[in-house]
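Presented below is the structure to which this report refers.
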Amino acid sequence: MNTTPDTDTNHLPLLGAAALVTGGSRGIGGATAVRLAELGADVAITYREREERAAQVVDRVKAVGRRALAIRADAADLGAATAAGRRTADAFGRLDILVNNAAAFMMGATEEVTDEDLDRAVAANVEAPFAVAREALRHMGEGGRIINLGSNVSERLPFPGLTLYSMTKSAMVGLTKGLAREGGPRGITSALVVPGPTDTETSPADGPMAGTISGITALGRYFRPEEVAETVAFLAGPGGRATTGTAVYVDAGFTA
């Protein structure tokens, strides 16, 4: 992958790269897929069930002249996660960028969490990200990027009911640091992006708790998925060459 801009590719720093964005049919994942394509990458996305939304993202990627692929894969299915990495590499002939975005959000009192809830959260937020990263490493070469999406509530929990989600998303810290050490000798970086209150279907800026949540942030607002996507794109490109094993917070000062 070209991670050194020159006079020909300055405007398309990811030209020739192939990316996989898990959970890329909407929200932060969808915005990231489109932004990577705008910067020159061919992009595959995974989605669980809303095929029409995945098709819209594919169309937007193709509209900027890049190849696109939508892969149906449940975020909690390890086999599907592994297969998505392999299919991306097969389709594009390479895999340079992995954005581990897919996750299962669950909220509720700990004593009410079922075994099924626990199994799904661990599978989607811990096991599957590990599995797809493992597969990605088998295809990545010098300059590869693994960018994991964490959560602001893995560091600060202002409300009850987030224990399960916080616990599982905290695992992304260890995954990121471990991959940084393993990938470093091969020139592969691993970084963690930690979003805060983002205006998505799961957490809308006009939701019942939005006013309280906005008040916790330093900027006093939610932000758009595209703002998180810009940070992911930066880390995926030339600017991210020396950023590895660490977290970048895009949380409007939620954790300040």
Could you list all residues from segment 83-102 that are in a helix (DSSP H, G or I) and within 27 Å of residue 231 (Cβ to Cβ)?
84, 85, 87, 88, 89, 91, 92
Looking at the structure I just gave you, is residue 74 at negative phi and part of a loop (DSSP other than H, G, I, E, B)?
yes
Residue 128 farther than 21 Å from residue 252 by Cα, buried (at least 21 other Cβ atoms within 10 Å of the Cβ), modelled with pLDDT of 95 or more and of a type in the set (A, V, I, L, M)
yes
So, in segment 150-192, exactly how many residues are under 16 Å from the mean Cα position of the chain (by Cα), outside any helix (DSSP H, G or I) and closer than 21 Å to residue 138 by Cα?
4
Does residue 46 fit the bill of being farther than 15 Å from residue 233 by Cβ, in contact with a helix residue (DSSP H, G or I) (Cβ under 7 Å, 6 or more places away or on another chain) and at pLDDT below 95?
no
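What residue, of 16, 108, 23, 30, is surrounded by 24 or more Cβ atoms within 10 Å (Cβ to Cβ) and on the phi > 0 side of the Ramachandran plot?
23
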Please name all residue pairs, on different chains or six or more residues apart, with Cβ atoms under 6 Å, provided the first residue is in segment 74-98 and is under 16 Å from residue 45 (Cβ atoms) and buried (at least 20 other Cβ atoms within 10 Å of the Cβ) and the second residue is at pLDDT 95 or above and among the hydroxyl-bearing types (Ser, Thr, Tyr).
84/46; 95/88
When only residues in segment 213-256 that are touching a residue at least 40 places away in the same chain (Cβ under 8 Å) and among the hydroxyl-bearing types (Ser, Thr, Tyr) count, which is surrounded by the fewest Cβ atoms within 10 Å (Cβ to Cβ)?
246
Kindly check whether there is at least one residue in segment 103-116 that is more than 26 Å from residue 166 (Cα to Cα), among the small types (Gly, Ala, Ser) and either touching a residue at least 12 places away in the same chain (Cβ under 8 Å) or part of a helix (DSSP H, G or I) (or both).
no
Residue 124 passes all but one of (1) over 14 Å from the mean Cα position of the chain (by Cα); (2) among the small types (Gly, Ala, Ser); (3) part of a helix (DSSP H, G or I); which number fails?
(1)
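The values are calculated or read from the model by the stated rules, or taken from the named source; none is laboratory data. Please read all numbers here as calculations on a predicted model, not as lab measurements. No Cβ is skipped: glycine too gets one built from the backbone with ideal geometry, and neighbour counts run over all protein chains shown.
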